[in-house]
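Enquirer: Mind having a look at this structure? Questions to follow.
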Amino acid sequence: MTDWSTVVYTKQGLALLAKLVAGSTLTLTQINSGAGMVPESDLQDLTAVVDPKQQLLKYPIIINANQQVEIPMLLKNTGVTVEYTAHQIGVHALDPDNGDILFFIAQDGTGEDVPTEAASPMFSVSFTFLSQFGNASQITMQMAPKDELTYKMAVDLFAPIGHIDETIAGEAGAHGFRYKDESLERYDKTTGKW
């Protein structure tokens, strides 16, 4: 099982962190999966994932009750015609002086197997990375606990029931989630919107 325990800010990412601590805004630009790997000591020098495969869906950054920055994302197999193993997840951000940069990268030797769309329609895996900003010497990044129910998990869990599409992923959006227009949406109780 992939735990993405190796998460490293790149050199460009560390430079951006200093700007964030000084008051700049964090704007994520893209998130990519990669099938390649490098020695852990080389991760900080990367400017892109190795052997890029696809972009992940990115969601708005959240500041949680512990003042941690949550960076949620979703890996889907839409358009994947050749199965691959994602060994890297690279998160890009906008540096006010240097443009689009690889902010941080996660790497895992086991990786996440991504099947073709034909072999496993609607496959998806969600990730949330947590970061603590503050004093530049005390910046941390880690993978959040896997506590979100993805569509694939729900299908695996409820397939024997036979009515998964109506109860979990139907248009009505039971359980606060709905799958619409190729994306998983979460219902926000405070705003009453998807």
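Enquirer: I'd like to verify a number: residues in the stretch 111-131 that are farther than 11 Å from Thr81 by Cα, within 17 Å of the chain's Cα centre (by Cα) and not acidic (Asp, Glu), how many?
Expert: Qualifying residue count, the stretch 111-131: 11.
Enquirer: Is there any pair linking a residue in the stretch 2-30 that is in contact (Cβ under 8 Å) with a residue 40 or more places away in the chain to one that is loosely packed, with under 14 Cβ neighbours inside 10 Å and in a helix (DSSP H, G or I), with Cβ under 7 Å and at least six apart or on different chains, and which?
Expert: Correct list of pairs: Thr6/Glu40; Leu17/Ala136; Ala18/Ala136; Val21/Ala136.
Enquirer: So, Leu75, is that one open to solvent by less than 70 Å² (accessible area, probe 1.4 Å), within 28 Å of Arg186 (Cβ to Cβ) and touching a His at 6+ places or on another chain (Cβ under 8 Å) or not?
Expert: Values: open to solvent by less than 70 Å² (accessible area, probe 1.4 Å): yes; within 28 Å of Arg186 (Cβ to Cβ): yes; touching a His at 6+ places or on another chain (Cβ under 8 Å): no.
Here the answer is no, as Leu75 does not meet what is asked.
Enquirer: Taking the conditions exactly as written (on the phi > 0 side of the Ramachandran plot and at pLDDT 95 or above), does Asp51 satisfy them or not? It would help to see each step written out before you state the result.
Expert: Numbers: on the phi > 0 side of the Ramachandran plot: yes; at pLDDT 95 or above: yes.
Here the answer is yes, as Asp51 does meet what is asked.
The values are calculated or read from the model by the stated rules, or taken from the named source; none is laboratory data. Since the model is a prediction, treat every value here as computed from it, not as a measurement. Positions of Cβ are generated from backbone atoms using ideal geometry, with glycine treated the same way; all protein chains shown enter the neighbour counts. The area values use the complete protein model at the heavy-atom level, side chains included, leaving out ligands, DNA and RNA. Shrake-Rupley method; radii C 1.70, N 1.55, O 1.52, S 1.80 Å.
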